[in-house]
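Provided herewith is a single structure, encoded as structure tokens, for subsequent inquiry.
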Amino acid sequence: MRLIAAFAALFASNAAATPIVVTDIAPIHGLVSEVMGDLGSPTLLLPTNADAHHYTMRPSDGQVLADADLVIWVGAGLTPWLEAPLQALAPDAKKLALLLSDGWAPRESHDEDDHDHGVIDPHAWLDPAIANAWLGAIAAALGAVDPENAEAYADNAEQAAVSNVELRLDIAAKMEAVAGRGVIWPHDAYGYFADAFGVMTKGAISDSDAAAPGPAHIAELREIAQSGNVVCVLLDPEVNPSWAGILTDGTDVKTAQIDPIGVNSPLGVGFYSALMSQMADQISGCLAQ
Ligand SMILES: [Zn+2]
């Protein structure tokens, strides 16, 4: 009986020691869930149906930030609106901006006119190899806040990375089958996926911040879509769906919806691989003939 009480106390103290971790978007929440494993669950700040680039915080979001021991977010490149509240509302919380972490190669995004502004494309979770670098950074940040469990975090990250290697091979096989077929992306957010899996990019409707496109850009894309070199125009929740019809009108170019955030997938462990597999199915399905 005394032993049981001792165990109960041990569990209670462990539970109390688990840090309160806040994440920005569902894919990052998924990766952090894998690393925390049985030790706890992170809190997700953004609703899955929210637009990550443009979001208005609710008062309850402020409270979530104020309670955090550790905030893990992609970075200001994805959610510029989060930078100031993070400093003001969670001054003492540790912060990990994954875009600033080491061990992976960021890609630059281009604006409508293809002038290179040297802006880092923030959608880097869309390559599982980069997600693996991020798993390591997540484990290190958790271990720094909760040293007692540092080893468990590192082990969990290692395990998740092994499944991501498998995931990347699965996706590569799917995309291999449709290699060389041209795609117009919804916004300039899929370069990491395209680079990782050899998808032929012919353009993007919006910039990487998902701002509305200008008429000259749409006219140019329409020409590209009508040229016979594009098989599929993709849409996502961040762009107006009516662009697809305007681009493909009078052609047999296909359109499909993709989802880089995973609006309808169950959150937590397994989210990331479900998101990526679903995206690969959506893209390869549209490109298949
Ligand atoms: Zn985006």
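For the stretch 186-198, what are the residues that are surrounded by 24 or more Cβ atoms within 10 Å (Cβ to Cβ) and more than 23 Å from residue 219 (Cα to Cα)?
193
Kindly indicate which of 86, 99 is modelled with pLDDT of 95 or more and within 24 Å of residue 279 (Cα to Cα).
99
Is it the case that the stretch 146-168 has a residue that's crowded, with 16+ Cβ neighbours inside 10 Å and free of Cβ contacts under 8 Å to residues at least 40 places away in the same chain?
Looking for residues that are crowded, with 16+ Cβ neighbours inside 10 Å and free of Cβ contacts under 8 Å to residues at least 40 places away in the same chain, one finds at least one in the stretch 146-168, hence yes.
Which fully enclosed helices (runs of 4 or more DSSP H) of the stretch 194-289 have 1 or more residues being under 30 Å from residue 40 (Cα atoms) and aromatic (Phe, Trp, Tyr)?
Hits in the stretch 194-289: 271-287.
Next question. Out of all the residues in the stretch 224-243, is one or more within 15 Å of the ligand (Cβ to nearest atom), among the small types (Gly, Ala, Ser) and either over 17 Å from residue 54 (Cβ atoms) or not assigned by TED's automatic domain parsing to the domain that holds residue 126 (or both)?
No, because not a single residue in the stretch 224-243 is within 15 Å of the ligand (Cβ to nearest atom), among the small types (Gly, Ala, Ser) and either over 17 Å from residue 54 (Cβ atoms) or not assigned by TED's automatic domain parsing to the domain that holds residue 126 (or both).
Looking at 201, 248, 255, can you tell me which residue is free of Cβ contacts under 8 Å to residues at least 24 places away in the same chain, farther than 27 Å from residue 132 by Cβ and assigned by TED's automatic domain parsing to the domain that holds residue 275? Steps first, answer last, please.
Values: 201 fails: farther than 27 Å from residue 132 by Cβ; 255 fails: free of Cβ contacts under 8 Å to residues at least 24 places away in the same chain.
Criteria check complete, one pass: 248.
Now for a separate question. Which one is farthest from the ligand (Cβ to nearest atom), of the residues in the stretch 244-277 that are buried (at least 16 other Cβ atoms within 10 Å of the Cβ) and among the polar types (S, T, N, Q)?
248
The values are calculated or read from the model by the stated rules, or taken from the named source; none is laboratory data. Here the structure is a predicted model, which is why all the values come from computation and not from measurement. Virtual Cβ from ideal backbone geometry, glycine too; neighbours counted across all protein chains shown.
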